[in-house]
Amino acid sequence: MYIVIFLFLLILAFLSFDRELLEKGIHKYLKLALFFLSIFLIILVGLRKVGTGVDDINYLNMYREANQGYTPKDIAFSVLAVCLPSVTLLFLAFAFISITLKTCFIFKKIKYQGLVFLLYFSSYFILHDFVQIRAAVASGLFLWIIYYAGKEKYFKVIILLGLAISFHLSALVFLPIVFLRKKDCKFIYIVFGILSLLTIFVSPIDTNSFDAFFPEIILKRLDVFLTETDRVANLINPISLVQYFIAIIIFFNWNKLVEFSNYSVYVIKSFLIGLYLFLILHNIPGIGFRIYELLMIVQIPLADILIQNIKPRFLIVSIIIFLALLYFYYNFIKYPILQPYLLFFQ
């Protein structure tokens, strides 16, 4: 079923670039197809059997703990868990919130919706909406946070930031990004990139490095992430290599990209900061991966920004499709994070 959805989206992605079909009004039908697919994805995620996603058992235990009076650090999860009578309804609620946040952004702010939806499905739908459900809501909110920051609607930004943090504490990383409005700072980000690379060879950061910077009370809070060893950061994996190449494209077209829209500067900087933190914290995957994955949600608007601004367009479209294929391969085949699908009553 997952492969069928991917192939369906791949077809829609190609159709969305056919000028003759677009002139005949096919874009209306493409949007309608994506709308109904979004509803289907919400149902698919929400009504799954516990165990379909690799983190489902953990969420089931958290759900039970919340109903026994234990409050997790992510307040919104606890509130929803107490209010909803079953873990299936909890999954459905998270799916509705997180998928709606992302798909509404795609429908309202993205021009090449078919291609961007393909990238979203193969990456963050699987990784977040289906597995890391708290991060899914936080990442969806981040898209709107940077959008409203670009519009200088800071009251909405504050509200959405508070919501994001209540769903996932790591959303605190969004806070400093809101202040990165300055556009004429290409040189600074090039320097940061070089310094990030130097940390790999000169002074790699590991768990011991945190002892010198954080008091014990914070270290105790970070301990679960500092000791996480289930994943090893591979700095030259194919997905990262594509993202490094995209970073080079960004620097060669900096002015054009940051000026494209009110919020594109936040998209560009979030993407680069995510990559830099991935490089700097690669020895601490529990933290490095989480922040990197959370910030890389900006690939959704970034893909659209690149397609509209970089020539030849065929090159950018090929890169995005290749990136989607890589995500699909890693999430489903090499390191599968989903089991064969079953409904909750099966």
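The values are calculated or read from the model by the stated rules, or taken from the named source; none is laboratory data. From a predicted model like this one, the values you see are computed outputs, not experimental measurements. Neighbour counts are summed over all protein chains in view; Cβ atoms, including those assigned to glycine, are modelled from backbone coordinates with ideal geometry.
Results, tabulated for the structure shown:
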read-out: Selection within region 58-74 - surrounded by fewer than 16 Cβ atoms within 10 Å (Cβ to Cβ) and under 22 Å from the mean Cα position of the chain (by Cα); value: N58, K73
read-out: D18 vs. criteria farther than 20 Å from I297 by Cα and either of a type in the set (A, V, I, L, M) or at pLDDT 90 or above (or both); value: no
read-out: Positions within region 327-338 being surrounded by 19 or more Cβ atoms within 10 Å (Cβ to Cβ) and not aromatic (F, W, Y), in sequence order; value: N331
read-out: Sole residue being within 26 Å of A76 (Cβ to Cβ), at pLDDT 95 or above and touching a helix residue (DSSP H, G or I) at 6+ places or on another chain (Cβ under 6 Å), chosen from S170, S166, S270; value: S270
read-out: Members of region 271-330 found to be touching a Ser or Thr at 6+ places or on another chain (Cβ under 7 Å), part of a helix (DSSP H, G or I) and among the aliphatic types (A, V, I, L, M), listed by number; value: L279, I280, I291, L294, L295, I297, V298, I305, A324
read-out: Selection from region 34-89 of residues that are charged (D, E, K, R), modelled with pLDDT of 90 or more and under 22 Å from G162 (Cα atoms); value: none
read-out: Filter result for L163 (in contact (Cβ under 8 Å) with a residue 60 or more places away in the chain and surrounded by 17 or more Cβ atoms within 10 Å (Cβ to Cβ)); value: yes
read-out: Hits in region 137-164 (condition: within 15 Å of the chain's Cα centre (by Cα) and aliphatic (A, V, I, L, M)); value: V137, A138, L141, L143, I145, I146, A164
read-out: Qualifying residue in region 285-308 (condition: surrounded by fewer than 19 Cβ atoms within 10 Å (Cβ to Cβ) and among the aromatic types (F, W, Y)); value: no
read-out: Hey, T103 β-branched (V, I, T) and under 19 Å from the mean Cα position of the chain (by Cα) or not; value: yes
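Per-residue answers, yes or no, for (1) modelled with pLDDT of 95 or more; (2) under 14 Å from S38 (Cα atoms); (3) not in a helix (DSSP H, G or I):
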{"position": "C104", "(1), (2), (3)": "yes, yes, no"}
{"position": "A135", "(1), (2), (3)": "no, no, no"}
{"position": "L141", "(1), (2), (3)": "yes, no, no"}
{"position": "Y147", "(1), (2), (3)": "yes, no, no"}
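Residue-by-condition table, conditions (1) modelled with pLDDT of 55 or more; (2) within 22 Å of the chain's Cα centre (by Cα); (3) in a helix (DSSP H, G or I):
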{"position": "I194", "(1), (2), (3)": "yes, no, yes"}
{"position": "R221", "(1), (2), (3)": "no, no, yes"}
{"position": "A233", "(1), (2), (3)": "yes, yes, no"}
{"position": "L257", "(1), (2), (3)": "yes, yes, yes"}
